[in-house]
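This is the structure I have questions about; it appears just below.
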Amino acid sequence: MSRVHDMGGRFGDGPVDTAEHPAFKAPWEARAHALTMAAMPLGGWSIDARRHGRETLPPATYMAYSYYEKWIAGLADMLVSGGVLSRDEIASGRSDGPRPDIEARRLTPDMVAANAGRMVPYTRDDAPAPRFAPGDAVVTLARPGNAFVPGGHTRLPAYAAGLKGRVLRYHGAHVFPDTQAHGLGEQPHPLYAVAFAAGDLWDAPEHPRDEVVVDLWQPYLGPA
Amino acid sequence: MGLDSTAQGRHRCIMPHDHSTPGHALLPPEPELRVKALETLLVGKGLVDPAALDAIVDQMQNHVGPRAGARVIARAWTDDAFRARILADAMPDLIDMGLTGAQGEHVVVVENTPEVHNVVVCTLCSCYPWPLLGVPPAWYKSDAYRARVVREPRGVLAEFGLNLPSEQAVRVWDSTAEIRYLVLPMRPDGTEGLDTDALEAWVTRNAMIGTGLPQAPA
């Protein structure tokens, strides 16, 4: 049920290329980053919708594309599905004409400067009460997946599904990606840092005391 | 395809495969041209201002980077009250220090000790504390790091030249939500008497992710 981006724990990848490279290996990468940020207000897309846009690339494309190629592909698909650009426009490279209905959403250089240190928190007050506290034993859903949209966006990694863990921290209630990514509203839920023992996660843990901590929303968890 | 340039043609199905071909597959083959194609269309429609793109690029390339995080770490090494505060809740002090921005809304500082070494990853994408560390390095976004560091952190850290003693447990933080983790490394021996400015030079970016330790400046 998991999707191609959900690769934690996967076997087969070689050594990490630890060499330092410029943050953007070519000018087009910086442009791809900036264009994505500037385009988000056009469709009113959330960070969750943006992630979903990349994760729904066909698996072969996702794996073949470099990091910023994924950004551009995800952006193109969102612009089409959000009605900002048509397939014809993308195929021809020719604009159908201006969009007075949404041009007020255009980002200006002044807005970029004004937004530089701006923060848009993801915490919300209006949410279900937390069911767990630090120290509590919890168990994650046996099958990670979006409960609202088949094959949809979720943030419970497959490697941490169906496992017993322990609540390490309570982060407050946060916007729920599983709904927000699909335009189904913020529906905030309590968010916890949950620790899993390496021995519970992996067949051959490197060290008995190692742990992985995953930030998980309350709907992913039950009492252990 | 693309001959009909009227607004009415926007949603018309001209080719049978139009509804099955995702937008990205219609872009030119070269990555650079794909970006250019989208930028040109959006600029042409009055929806993107190229000067705003220049401003975003300038901000990412010239105004954010790991020196911001290093200021926080060096201060924590020299100011016990600050250290205690940021371990309990980092945000008020980060706001005071002006270290704010997108992807830095909910920073949690995790402390290395002789018993625990912390390392940060985002297995599902590439979540990273931009206002403190800048944009992520290539290795952080790589499939190999994302796939392997949760399962074999010690093996991965060894590839970075970091070999942890068995007395130290590894705690890997997978950034699956909007919490952004910053590792507070242990202050290295040999830095006694240095002030915060001098200490900042010891704080490497990788030390704040957990794939390295502080190092004497070259």
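Within the range B:72-104, list the residues whose amide N lies under 20 Å from a label point set 7 Å along Cα→Cβ of B:Asp197.
Residues B:72-79, B:97-98 fall inside that zone.
Any idea what % of Cα-Cα pairs in the range B:66-209 are farther than 26 Å?
Details: 2159 of 10296 pairs.
Looking at the range B:66-209, the distances longer than 26 Å represent 21 percent of pairs.
Above 16 Å lies some portion of the pair distances; for the range A:117-194, what is it as a whole percent of all C-alpha pairs?
Taking all Cα-Cα pairs of the range A:117-194, the fraction more than 16 Å apart is 58 percent.
Still on this structure, I have one more. Simple spin-label model, 7 Å along Cα-to-Cβ: A:Ala224 to B:Arg67 in nm?
Calculated label separation equals 4.5 nm.
Label 7 Å along Cα→Cβ of B:Gln215; the range B:146-164 residues with amide nitrogen under 20 Å?
B:154-164
Long-range amide H contacts for A:Leu168: which residues qualify at under 5 Å (H placed 1.01 Å from N, peptide plane, sequence gap of 5 or more or a different chain)?
Here A:Gly135, A:Ala193, A:Val194, A:Ala195 satisfy the definition.
Here is a further query. How do A:Phe148, A:Phe176 line up, fewest other C-beta atoms within 10 Å first?
Working: A:Phe148 15, A:Phe176 27.
Starting with the residue having the fewest Cβ neighbours, the order is A:Phe148, A:Phe176.
Residue by residue through the range A:61-72, what is 3J(HN,Hα) from phi via Karplus (6.51 cos²θ - 1.76 cosθ + 1.60, θ = phi - 60°)? Round to whole Hz and write x for glycine and proline.
Karplus values, whole Hz, x for Gly and Pro: 5, 4, 6, 7, 7, 6, 3, 7, 5, 5, 4, 5.
If you don't mind, there's one more thing I want to ask. Taking chain A as a Gaussian network, Cα atoms linked when under 10 Å apart, which of A:Val112, A:Val120, A:Val139 shows the biggest mean-square fluctuation?
Comparing A:Val112, A:Val120, A:Val139 in a Gaussian network model of chain A, the most mobile one is A:Val120.
Here is a follow-up. Under 30 Å Cα to Cα from A:Lys164, which lysines show up? Leave out anything in the same chain fewer than 8 places away.
Filter leaves B:Lys141.
DSSP loop GluC sites (Glu not before Pro) in the range B:31-139 with at most 14 other Cβ atoms within 10 Å of their Cβ, which ones? All intermediate terms of the calculation are to be shown ahead of the outcome.
On the way: sites: B:Glu32, B:Glu39, B:Glu105, B:Glu111, B:Glu115; in loops: B:Glu105, B:Glu115.
Listed in order of number, the matching sites are B:Glu115.
State the Cα centre-to-centre distance between the range B:167-218 and the range B:76-105 in whole Å.
Each part's Cα centre sits 15 Å from the other's.
Starting at the first residue of the range A:178-183, write each ³J(HN,Hα) from the Karplus equation 6.51 cos²θ - 1.76 cosθ + 1.60 with θ = phi - 60°, in whole Hz, x for Gly and Pro.
Per residue, the Karplus-derived 3J(HN,Hα) values read 4, 9, 4, 5, 10, x Hz.
With r as the distance between the Cβ atoms of A:Ala133 and A:Ala113 and R0 = 45 Å, compute the FRET efficiency 1/(1 + (r/R0)^6) and round to 0.05.
On the way: r = 43 Å, r/R0 = 0.95.
Efficiency, from the Cβ-Cβ distance: 0.60.
Right, another one. Among DSSP beta bridges lying fully in the protein assembly as shown, give the percent that are antiparallel, nearest 5.
The answer is about 55 percent antiparallel.
Same structure, new question: I'd like the Kirkwood hydrodynamic radius of chain A, using the inverse of the mean 1/r over distinct C-alpha pairs, in Å.
Values: mean 1/r = 0.0499 Å⁻¹.
With all distinct Cα pairs of chain A included, I get 20.0 Å.
Just how large is the dipole of the protein assembly as shown about the Cα centre, in debye to the nearest 20, putting +1 at every Lys and Arg Cβ and -1 at every Asp and Glu Cβ? Numbers along the way, then the final one.
Working: 41 positive and 53 negative charges, 170 e Å.
Roughly 820 debye, rounded to the nearest 20.
For A:His174, enumerate residues with amide H under 5 Å from its amide H, sequence gap 5+ or separate chain, H modeled in the peptide plane.
A:Arg124, A:His189, A:Leu191
What net charge do the residues around A:His33 carry, taking every other residue with its C-beta under 15 Å from that of A:His33, with Lys and Arg at +1 and Asp and Glu at -1? Spell out each step's value before the answer.
On the way: positive: A:Lys25, A:Arg31, A:Arg50, A:Arg51, A:Arg54, A:Lys70, B:Arg34, B:Lys36, B:Lys141; negative: A:Glu29, A:Glu69, B:Glu32, B:Glu39, B:Asp54, B:Asp58.
Computed value for this residue: +3.
Who wins for biggest fluctuation among B:Asp49, B:Asp174, B:Asp89 in a Gaussian network model of chain B, springs between alpha carbons below 10 Å?
Maximum fluctuation in the GNM of chain B, among the listed residues, is at B:Asp49.
Starting from 0.36 nm per residue, how many nanometres of slack lie between A:Arg124 and A:Asp17 once their C-alpha separation is accounted for?
34.6 nm
Only Lys, Arg, Asp and Glu count, each charged at its Cβ (+1, +1, -1, -1), so figure out the dipole size of chain A about its Cα centre, rounded to 20 debye.
On the way: 22 positive and 26 negative charges, 45 e Å.
With only Lys, Arg, Asp and Glu charged at Cβ, the dipole is about 220 debye.
Calculate how large, on average over all directions, the projected area of the Cα convex hull of the range B:124-218 is; give the answer in nm² to one decimal. Please report the intermediate quantities before stating the final value.
Values: hull surface 28.3 nm².
Approximately 7.1 nm², given one-decimal rounding.
Also, I was wondering about something else. Using θ = phi - 60° and the Karplus curve 6.51 cos²θ - 1.76 cosθ + 1.60, what whole-Hz ³J(HN,Hα) does each residue of the range B:91-100 get, with Gly and Pro shown as x?
4, x, 6, 5, 5, 4, 7, x, 9, 10
Here's something else I'd like to know. How high is the relative contact order of the range B:66-209? Use alpha-carbon pairs under 8 Å, at least six apart in sequence, and give a whole percent. Mind dumping the intermediate values first?
Working: 217 pairs, mean separation 52.5, N = 144.
Reported relative contact order: 36 percent.
Would you kindly give the portion of the calculated P(r) for the protein assembly as shown that falls above 40 Å, as a percent of all Cα pairs? It would help to have the intermediate numbers written out before the result.
Working: 18452 of 97461 pairs.
Here the tail beyond 40 Å accounts for 19 percent of pairs.
Can you work out the base-10 log of I(q)/I(0) for the range A:1-131 at q = 0.09, 0.12, 0.20 1/Å, using the Debye formula on its C-alpha atoms alone?
Scattering profile of the range A:1-131, log10 relative to I(0): -0.38, -0.66, -1.37.
Over chain A, with a Gaussian network built from C-alpha contacts below 10 Å, which listed residue (A:Gly145, A:Gly74, A:Gly185) shows the highest mean-square fluctuation?
A:Gly185
A short reminder: the numbers here are calculations on the coordinates, not readings from a lab. Since the structure is predicted, the reported quantities are computational estimates derived from the model, not experimental observations. Don't worry about glycine lacking a Cβ; one is built from the backbone with ideal geometry, like all the others, and counts go over all protein chains shown.
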